[in-house]
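The structure appears right after this line, and notes come after that.
Derivation of every value follows stated rules applied to the coordinates shown; laboratory data play no part. No experiment lies behind these values; they were computed from the predicted model shown. Don't worry about glycine lacking a Cβ; one is built from the backbone with ideal geometry, like all the others, and counts go over all protein chains shown.
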Amino acid sequence: MDYHNKLCTQIRDLPRSGIRDFFELVIGRSDVISLGVGEPDKSTPWPIREAVIRSLEKGQTSYTSNLGLEPLRVLISEYVEKQFRVTYDPKTEILVTVGVSEALDIAFRAVLNPGDEVIYHEPCYVSYSPSIKMAYGVPVVVETREENQFALMAADVEKAITPKTKIIALNFPTNPTGGIMPPEELEKIAALAVKHDLFVFTDEIYCELLYDNRQHKSIVEYPGMRERTVLLHGFSKAFAMTGWRLGYACAPAPLREAMMKVHQYCMLCAPIMSQIAGIEALKMGASAYEEMRQSYEMRRNIIVSRLNGMGLHCFNPGGAFYAFPEIRSTGLTSKEFALGLLEKKSVAVVPGNAFGAAGEGFVRCCYATAPDLIVKAMDLMEEFVNEVRK
Ligand code: PLP
């Protein structure tokens with residue numbers, strides 16, 4: 001069979017995720033210290049797991065409402081109000097999804113017509129461009145730069161706006177840079193969205209993981225934004241719940257309704273066990289993650305100081321759990337650096353260009369790894385850098 005010509009061209013031409021490709025090389029190697037995959041090194045807090053065990057003992061294994069369990073949506077509404085100072089109606093404006101991944105996918109599919117443009121920033125999480133293309137949209141990249149600590153500059157966004165622009169997609173703190181937004185730039189981007197009547201999708205998955213006593217501010221909080229924003233959030237990172245696959249979208253009722261239709265037909269509902277876990281997580285609130293957050297801050301301090309100490313310039317990221325050092329001074333490309341480090345020292349990092357062309361010259365190091373392993377990985381990386389520079 002001629003599979004090449006029979007497959008959907010849109011899907012056939014999508015590149016595979018650079019992270020996953022890289023990690024095929026690591027799978028099955030117990031000798032490798034991984035600063036690779038972006039997930040917490042701890043399991044989900046015990047009370048959350050226990051609540052699900054109890055629910056299984058009671059036989060709670062059914063479908064739920066397409067929207068998600070009502071008690072969960074009520075808790076989401078309360079949590080979001082506390083985090084972002086914006087109120088959403090649990091009945092009409094909140095949808096429980098299978099991770100932020102699904103929330104992003106259905107939000108793009110609910111809004112985009114073929115040819116509509118979406119402005120997003122790179123380096124960024126690997127799903128953005130493919131999700132936009134799978135919804136028949138056109139991804140329009142705006143680069144963020146190290147000199148701005150990987151914040152998105154409103155002037156760059158403005159240059160990218162055309163009559164076809166429909167959405168601006170944001171993710172701060174950012175995967176893979178750890179960059180955050182200065183409020184004055186965020187305010188200007190909000191004003192652009194209002195002026196050009198655009199939607200904004202804001203992926204808040206790292207919003208709890210902020211350091212140096214920072215307070216998070218989301219674009220949804222600015223005047224005129226609530227009506228045009230889809231707020232995407234989930235449990236994977238702060239609550240250490242990656243495997244539960246649980247997230248949510250908050251949006252004005254007509255938008256939520258459109259997303260619900262896609263969700264209803266492709267997903268039906270998020271698994272009930274995960275939703276029960278979500279209820280317990282939100283009952284715990286910050287007590288579920290504050291200790292982890294403090295521990296990530298301590299690890300960030302270790303890794304950033306070690307990277308700079310070995311001559312790999314690395315800005316101090318304000319959030320998430322990634323360091324994004326520049327490796328150009330070694331004379332290697334991102335891929336050569338990551339492959340060399342893996343081959344010679346058994347340390348895994350992700351080449352920066354897996355997150356878009358703007359990531360070339362950098363590598364991503366996830367520091368949600370045990371502190372002693374971070375130190376060991378930094379010792380080995382320093383040896384590697386010194387050997388390459390000789
Ligand atoms: N958005 C960003 C920026 C991410 O970094 C990730 C995962 O790494 C996701 C979304 C996916 O999150 P979820 O596990 O909720 O699907």
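Before moving on, here are some points about what is shown:
- Taken over the stretch 238-248, residues that are surrounded by fewer than 24 Cβ atoms within 10 Å (Cβ to Cβ), within 7 Å of the ligand (Cβ to nearest atom) and not in a loop (DSSP other than H, G, I, E, B) amount to 1.
- Test: residue in the stretch 152-175 that is more than 29 Å from residue 13 (Cα to Cα) and crowded, with 22+ Cβ neighbours inside 10 Å: yes
- Residue in the stretch 226-237 that is surrounded by 21 or more Cβ atoms within 10 Å (Cβ to Cβ), assigned to a loop (DSSP other than H, G, I, E, B) and over 14 Å from the mean Cα position of the chain (by Cα) present: no
- Residue selected from the stretch 126-138 under the condition surrounded by fewer than 20 Cβ atoms within 10 Å (Cβ to Cβ) and within 25 Å of residue 268 (Cα to Cα), by the criterion nearest to the ligand (Cβ to nearest atom): 127
- Residue in the stretch 230-249 that is within 25 Å of residue 318 (Cβ to Cβ) and β-branched (Val, Ile, Thr) present: yes
- Residue tally, condition touching a Leu at 6+ places or on another chain (Cβ under 7 Å) and charged (D, E, K, R), over the stretch 129-144: 1
- Screening residue 315 against (1) more than 16 Å from the ligand (Cβ to nearest atom); (2) farther than 19 Å from residue 172 by Cα leaves a single unmet condition, (2).
- Scope the stretch 203-225; condition assigned to a strand (DSSP E or B) and within 11 Å of the ligand (Cβ to nearest atom); matching residues: 203
- Considering 194, 157, the condition of being more than 15 Å from the ligand (Cβ to nearest atom), of a type in the set (Val, Ile, Thr) and out of contact with any Pro (no Cβ under 8 Å at 6 or more places or on another chain) is satisfied by 157 alone.
- The stretch 319-359, residues that are buried (at least 21 other Cβ atoms within 10 Å of the Cβ), touching a strand residue (DSSP E or B) at 6+ places or on another chain (Cβ under 7 Å) and in a loop (DSSP other than H, G, I, E, B): 321, 324, 325, 327, 349, 356
- Selection count where residues are among the hydrophobic types (A, V, I, L, M, F, W, C) and over 20 Å from residue 240 (Cβ atoms), scope the stretch 57-79: 3
- For the stretch 275-318, the tally of residues that are under 16 Å from residue 368 (Cα atoms), in contact with an Asp or Glu (Cβ under 9 Å, 6 or more places away or on another chain) and not in a helix (DSSP H, G or I) stands at 3.
- Looking at 34, 43, 55, 65, just one residue is in contact with a helix residue (DSSP H, G or I) (Cβ under 6 Å, 6 or more places away or on another chain) and surrounded by 11 or more Cβ atoms within 10 Å (Cβ to Cβ), and that residue is 55.
- Some residue of the stretch 93-106 being under 24 Å from residue 217 (Cβ atoms) and away from the ligand (no atom under 16 Å from the Cβ): yes
- Scanning the stretch 84-100 for residues that are surrounded by fewer than 18 Cβ atoms within 10 Å (Cβ to Cβ) and within 22 Å of the chain's Cα centre (by Cα) yields 85, 86.
- Inspection of the stretch 111-125 identifies no residue that is in a helix (DSSP H, G or I), more than 12 Å from the ligand (Cβ to nearest atom) and of a type in the set (Asp, Glu).
- Test set (1) more than 15 Å from the ligand (Cβ to nearest atom); (2) farther than 17 Å from residue 149 by Cα; (3) of a type in the set (A, V, I, L, M) - residue 186 fails condition number: (2)
- Of the residues 258, 251, the single one that is surrounded by 17 or more Cβ atoms within 10 Å (Cβ to Cβ) and of a type outside the set (Asp, Glu) is 251.
- Members of the stretch 128-150 found to be among the polar types (S, T, N, Q) and free of Cβ contacts under 8 Å to residues at least 60 places away in the same chain, listed by number: 131, 148
- Against the conditions (1) without any contact (Cβ under 8 Å) to a residue 24 or more places away in the chain; (2) farther than 30 Å from residue 351 by Cα; (3) charged (D, E, K, R), residue 20 satisfies every one except (2).
- Consider the stretch 83-110 and keep the residues that are in a loop (DSSP other than H, G, I, E, B) and in contact with a strand residue (DSSP E or B) (Cβ under 9 Å, 6 or more places away or on another chain). The one that is nearest to residue 274 (Cα to Cα) is 98.
- All positions within the stretch 360-373 that are surrounded by fewer than 24 Cβ atoms within 10 Å (Cβ to Cβ) and touching a residue at least 24 places away in the same chain (Cβ under 8 Å): 360, 361, 368, 369, 370, 371, 373
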